[in-house]
Amino acid sequence: VDAGRFPIKRVTGDAVVVSADVHADGHDVIAASVLYRRAGDETWNHVPMQAIENDRWQAPFPVDTLGRYEYTVEGWVDRFASWRLDLSKKVEAGRDVSPELLEGGAIIADALTRFPEGPEAHRVHQVQRTLSDPATEAGRGVAAALDAELAAVMAAHPDRSRATRFGRVLEVLVERERARFAAWYEMFPRSAGHDPSRSATFDEAARMLPYVSSMGFDVLYLPPVHPIGRSFRKGPNNSLTPAPGDPGSPWAIGSEEGGHTAIEPGLGTLEDFDRFVAAATGHGLEIALDIAFQASPDHPYVREHPAWFRRRPDGTIKYAENPPKKYQDIYPLNFESDDWQALWRELKGVFEFWIDRGVKIFRVDNPHTKPFGFWEWTLAEIRRQHPDTIFLSEAFTRPKVMRYLAKAGFSQSYSYFTWRNSKEEIVEYFTELTRTKVREYMRANLFANTPDILHEYLQHGGRPAFQVRLVLAATLGASYGIYSGFELAENAPLREGSEEYLDSEKYQIRPRDYQQAGSLAEMIGRINAVRRDHPALQHDWGLAFHRTDNPELLAYSKRPLHGDDLIMVVVNLDPSNMQHGFVQLPLIDWGLTPNSTVEVLDLLSRERYVWRGEWNYVRLDPQDRVAHILHVRIDPDARSAGTEDVKPMAAALGR
């Protein structure tokens with residue numbers, strides 16, 4: 001990544017496959033190895049590389065421990081292999097090879113200086129004496145020289161004295177699997193009660209844990225849980241005139257009760273938070289905390305560290321703005337103040353405080369408005385002591401800035417998925433994410449909605465639109481998320497043309513009835529179960545798009561890098577109308593003939609179908625179903641005859 005400026009990313013258990021162009025002048029035989037080690041180790045491990053095509057060499061090495069690995073490539077002329085090849089050519093040509101045998105004896109004698117004492121060295125020494133003896137009969141010498149076992153032993157003890165090493169030591173950042181594969185659910189704990197006039201406590205919010213767990217989520221993400229400032233507190237729908245009981249925005253952090261290491265009193269205490277984290281763990285959920293490095297006018301930082309804020313010429317502190325939006329209740333921090341070192345250490349300590357309380361996942365608010373250097377330093381420092389920590393970058397910004405944050409160390413990134421709704425947009429964007437070098441360092445977390453973003457597709461498409469975006473998020477990406485209310489198809493915007501929610505939960509407490517009819521909770525649970533059962537959906541790299549004859553039908557498949565799990569997804573992108581047409585299967589890529597038959601199981605409906613040949617008919621009515629998530633059984637010997645529960649796709653869907 002950027003010529004080694006940044007590490008590639010992997011998770012424990014992965015194999016890093018290294019490719020390199022390795023060549024030399026002339027016709028000598030060359031050899032190459034991948035060298036790798038844990039960062040900080042002195043000794044390199046060596047993995048021999050294999051030539052794959054046209055001076056291209058390749059070898060994998062394993063990464064099984066959290067943290068950083070280093071690797072590079074080394075190549076050299078293999079004197080023994082070059083001699084052996086030249087010898088075999090001369091033997092085939094019927095030439096006298098006596099001088100070559102003596103030369104081989106000298107090469108082996110030099111190699112023996114690198115052999116440890118033992119039976120192997122003894123056997124090689126016997127060959128060396130045979131070749132170095134001028135009286136050795138030619139046939140016997142040639143047989144000894146060209147022995148395959150000798151070649152393998154010599155290759156294991158190469159002469160690297162004149163090896164060439166790649167000019168940089170490259171790095172791999174190795175994280176735990178949750179950094180690559182997870183389902184996130186975002187919830188405001190203060191809305192988890194039944195009284196909209198007061199904040200729910202963590203103990204009340206804990207009653208939501210079985211519900212979230214039942215839908216199969218891995219991560220429960222909480223917006224900031226810190227004390228909320230009172231100065232310039234916002235009212236409902238971001239109004240500037242709050243009522244006395246209005247709770248304000250959780251992102252206006254800090255009051256007389258404390259700052260980034262304190263708990264909003266309405267939620268409870270730090271001990272209540274600890275109990276909530278423990279309860280979540282008991283339900284198979286990890287807590288992710290929102291970290292927003294900004295302060296309300298009431299934050300202790302404003303009083304204790306005035307140098308940490310930017311000021312106008314009249315001496316007042318500048319509040320945050322994103323025209324036309326104004327955030328009078330938020331003061332940005334000045335990361336380049338004269339006291340910047342103390343500020344940086346303090347903010348790193350915020351992460352460490354919550355890590356000590358059992359939180360290992362952080363969603364970082366607006367990281368693109370803070371210096372890149374701060375993130376590179378902070379994330380590296382945190383990982384030295386806590387390599388299992390995961391950081392999600394919430395940066396809806398320019399593509400290169402978003403990518404740079406990923407390079408700088410964020411485990412996952414928000415993406416443009418929300419704004420990619422047509423077939424062309426989806427294919428182009430996800431091809432970029434999964435088929436270009438971006439995939440080496442940027443992992444997209446596909447949030448279908450957020451408290452800030454209600455896309456017009458959801459506003460106007462009704463319940464089927466939420467189903468479509470759910471299927472896409474959960475199957476296009478290994479990591480995805482939804483914000484609570486998504487399962488209830490909440491779609492009322494603040495105004496026409498706005499992506500803000502009406503009565504946004506950012507500014508008021510909103511209890512919900514999660515048991516209402518039409519909830520997507522059951523569908524979410526089924527899809528998350530499918531994700532856990534199928535390795536194909538736990539990776540991003542195995543994504544491939546397939547042709548359809550209808551632009552409203554999107555078809556794609558996913559396979560893991562290793563194993564034969566194969567998932568095929570067909571989605572109707574039109575939430576209002578039935579769409580039908582033909583989907584082309586990549587039978588050749590699947591190792592089949594164009595006339596093969598495959599059996600597919602719809603993992604949502606549990607129906608089985610038979611597909612014959614490359615083109616197969618699909619009909620999707622959003623009032624019935626918006627998509628198929630199909631497990632494909634590749635059986636080259638399958639025939640048209642089937643059982644009663646296996647029916648042609650066209651007949652099943654043409655009803």
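Would you mind telling me which numbered condition in (1) open to solvent by less than 30 Å² (accessible area, probe 1.4 Å); (2) small (Gly, Ala, Ser); (3) more than 25 Å from residue 122 (Cβ to Cβ) residue 104 fails?
In the conditions (1) open to solvent by less than 30 Å² (accessible area, probe 1.4 Å); (2) small (Gly, Ala, Ser); (3) more than 25 Å from residue 122 (Cβ to Cβ), residue 104 misses (3) alone.
Checking residue 489 against (1) hydrophobic (A, V, I, L, M, F, W, C); (2) at positive phi; (3) open to solvent by less than 10 Å² (accessible area, probe 1.4 Å), only one condition comes out false. Which one?
Tallying (1) hydrophobic (A, V, I, L, M, F, W, C); (2) at positive phi; (3) open to solvent by less than 10 Å² (accessible area, probe 1.4 Å), residue 489 fails exactly one: (3).
Among 565, 513, 533, which is of a type in the set (D, E, K, R), over 25 Å from residue 393 (Cα atoms) and over 24 Å from the mean Cα position of the chain (by Cα)?
Numbers: 565 fails: over 24 Å from the mean Cα position of the chain (by Cα); 533 fails: over 24 Å from the mean Cα position of the chain (by Cα).
None of the others qualify; the one that does is 513.
Among the listed residues 487, 499, 552, which satisfies the condition of being of a type in the set (Asp, Glu), touching a residue at least 24 places away in the same chain (Cβ under 8 Å), closer than 28 Å to residue 621 by Cβ and in contact with a strand residue (DSSP E or B) (Cβ under 8 Å, 6 or more places away or on another chain)? Even if it seems obvious, please write down each step before you answer.
Values: 487 fails: in contact with a strand residue (DSSP E or B) (Cβ under 8 Å, 6 or more places away or on another chain); 499 fails: closer than 28 Å to residue 621 by Cβ.
Just a single option satisfies the conditions, and that option is 552.
Does any residue of segment 121-141 turn out to be of a type outside the set (Val, Ile, Thr) and closer than 18 Å to residue 29 by Cα? Write out each step before concluding.
Within segment 121-141, the first condition is being of a type outside the set (Val, Ile, Thr), and the residues that meet it are 121-123, 125-126, 128-129, 131-135, 137-141.
Imposing the further condition that a residue be closer than 18 Å to residue 29 by Cα reduces the set to none.
Scanning segment 121-141 turns up no residue that is of a type outside the set (Val, Ile, Thr) and closer than 18 Å to residue 29 by Cα.
Yes/no per residue for (1) touching a strand residue (DSSP E or B) at 6+ places or on another chain (Cβ under 6 Å); (2) open to solvent by less than 30 Å² (accessible area, probe 1.4 Å); (3) outside any loop (DSSP other than H, G, I, E, B):
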| site | (1), (2), (3) |
| --- | --- |
| 244 | no, no, no |
| 251 | no, yes, no |
| 263 | no, yes, no |
| 268 | no, yes, no |
| 275 | no, no, yes |
| 278 | no, no, yes |
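Go through segment 614-655 and give me each residue that's small (Gly, Ala, Ser) and either modelled with pLDDT of 50 or more or in a strand (DSSP E or B) (or both).
627
Can you name the residue in segment 321-340 that is aromatic (Phe, Trp, Tyr) and touching a strand residue (DSSP E or B) at 6+ places or on another chain (Cβ under 9 Å) and is also most open to solvent (accessible area, probe 1.4 Å) among such residues? Even if it seems obvious, please write down each step before you answer.
Taking segment 321-340 as the starting set, the residues that turn out to be aromatic (Phe, Trp, Tyr) are 327, 331, 335, 340.
Add one more test, that the residue is touching a strand residue (DSSP E or B) at 6+ places or on another chain (Cβ under 9 Å), and what stays is 327, 331.
Working: 327: 56, 331: 32 Å².
Only one residue tops the list, namely 327.
Conditions tested, residue by residue: (1) surrounded by 19 or more Cβ atoms within 10 Å (Cβ to Cβ); (2) within 23 Å of the chain's Cα centre (by Cα).
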residue: 5; (1), (2): no, yes
residue: 15; (1), (2): no, yes
residue: 23; (1), (2): no, no
residue: 38; (1), (2): no, yes
residue: 46; (1), (2): no, no
residue: 51; (1), (2): no, no
residue: 60; (1), (2): no, yes
residue: 67; (1), (2): no, yes
residue: 75; (1), (2): yes, no
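Working carefully through the options 357, 420, 443, find the one that is under 30 Å from residue 281 (Cβ atoms) and surrounded by 18 or more Cβ atoms within 10 Å (Cβ to Cβ).
Numbers: 357 fails: surrounded by 18 or more Cβ atoms within 10 Å (Cβ to Cβ); 420 fails: under 30 Å from residue 281 (Cβ atoms).
Just one listed residue meets the conditions, 443.
Looking only at segment 452-476, which residues are in contact with a strand residue (DSSP E or B) (Cβ under 6 Å, 6 or more places away or on another chain) and either surrounded by fewer than 20 Cβ atoms within 10 Å (Cβ to Cβ) or modelled with pLDDT under 95 (or both)?
459
Taking the residues in segment 508-547 that are polar (S, T, N, Q) and open to solvent by 20 Å² or more (accessible area, probe 1.4 Å) as candidates, determine which candidate is farthest from residue 218 (Cα to Cα).
Going through segment 508-547, the residues polar (S, T, N, Q) turn out to be 508, 515-516, 519, 528, 538.
Checking which are open to solvent by 20 Å² or more (accessible area, probe 1.4 Å) leaves us with 508, 515-516, 519, 538.
Details: 508: 27, 515: 21, 516: 23, 519: 20, 538: 13 Å.
Among those that are polar (S, T, N, Q) and open to solvent by 20 Å² or more (accessible area, probe 1.4 Å), it is 508.
Does segment 5-27 hold any residues that are within 24 Å of residue 173 (Cα to Cα) and either among the hydrophobic types (A, V, I, L, M, F, W, C) or modelled with pLDDT under 95 (or both), and which are they? Quick ask: steps written out before the conclusion?
Of the residues in segment 5-27, the ones within 24 Å of residue 173 (Cα to Cα) are 5-21.
Answer for segment 5-27, where residues must be within 24 Å of residue 173 (Cα to Cα) and either among the hydrophobic types (A, V, I, L, M, F, W, C) or modelled with pLDDT under 95 (or both): 6, 8, 11, 15, 16, 17, 18, 20.
Let me confirm something: among 557, 605, 576, 596, which residue is under 30 Å from residue 14 (Cα atoms) and hydroxyl-bearing (Ser, Thr, Tyr)?
Working: 605 fails: under 30 Å from residue 14 (Cα atoms); 576 fails: under 30 Å from residue 14 (Cα atoms); 596 fails: under 30 Å from residue 14 (Cα atoms).
So the residue among 557, 605, 576, 596 that is under 30 Å from residue 14 (Cα atoms) and hydroxyl-bearing (Ser, Thr, Tyr) is 557.
Applying the selection to segment 580-616, what residues are of a type in the set (Val, Ile, Thr) and either farther than 22 Å from residue 554 by Cβ or open to solvent by 60 Å² or more (accessible area, probe 1.4 Å) (or both)?
Filtering segment 580-616 for residues of a type in the set (Val, Ile, Thr) gives 583, 588, 593, 597-598, 600, 610.
Listed by number, the residues that qualify are 588, 593, 597, 610.
Looking at segment 63-112, which of its residues are assigned to a helix (DSSP H, G or I) and free of Cβ contacts under 8 Å to residues at least 12 places away in the same chain?
First, pick out the residues of segment 63-112 that are assigned to a helix (DSSP H, G or I): 79-92, 98-112.
Within segment 63-112, 89, 90, 92, 99 meet the criteria.
Just give me the residues in segment 364-404 being open to solvent by 20 Å² or more (accessible area, probe 1.4 Å) and of a type in the set (S, T, N, Q), in sequence order.
Those that are open to solvent by 20 Å² or more (accessible area, probe 1.4 Å) and of a type in the set (S, T, N, Q): 366, 369, 385, 397.
For segment 477-486, give me the residue count where each residue is part of a loop (DSSP other than H, G, I, E, B) and either open to solvent by 30 Å² or more (accessible area, probe 1.4 Å) or hydroxyl-bearing (Ser, Thr, Tyr) (or both). If you could, list the steps in order and put the result at the bottom.
Residues of segment 477-486 part of a loop (DSSP other than H, G, I, E, B): 477-478, 484-485.
Right, trim to either open to solvent by 30 Å² or more (accessible area, probe 1.4 Å) or hydroxyl-bearing (Ser, Thr, Tyr) (or both) and you get 484.
Qualifying residue count for the region: 1.
Looking only at strands (runs of 3 or more DSSP E) that lie completely in segment 134-228, which have at least 2 residues being touching a helix residue (DSSP H, G or I) at 6+ places or on another chain (Cβ under 8 Å), closer than 30 Å to residue 439 by Cβ and open to solvent by 10 Å² or more (accessible area, probe 1.4 Å)?
Values: elements: 170-175, 182-186, 219-222.
Here the list reads 170-175.
Yes/no matrix, rows are residues, columns are (1) part of a loop (DSSP other than H, G, I, E, B); (2) within 19 Å of residue 432 (Cα to Cα); (3) not polar (S, T, N, Q):
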| position | (1), (2), (3) |
| --- | --- |
| 498 | yes, no, no |
| 505 | yes, no, yes |
| 508 | yes, no, no |
| 519 | yes, no, no |
| 523 | no, no, yes |
| 527 | no, no, yes |
| 531 | no, no, yes |
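From the list 214, 197, 231, exactly one residue is of a type in the set (Gly, Ala, Ser), under 34 Å from the mean Cα position of the chain (by Cα) and modelled with pLDDT of 95 or more. Which is it?
On the way: 197 fails: under 34 Å from the mean Cα position of the chain (by Cα); 231 fails: under 34 Å from the mean Cα position of the chain (by Cα).
Only one candidate passes the filter, namely 214.
The values are calculated or read from the model by the stated rules, or taken from the named source; none is laboratory data. These figures come from a predicted structure and were not determined experimentally. Backbone-built Cβ (ideal geometry, glycine too); neighbour counts: all protein chains shown. The accessibility values were calculated without ligands, DNA or RNA, using every heavy atom of the protein model including side chains. Shrake-Rupley method; radii C 1.70, N 1.55, O 1.52, S 1.80 Å.
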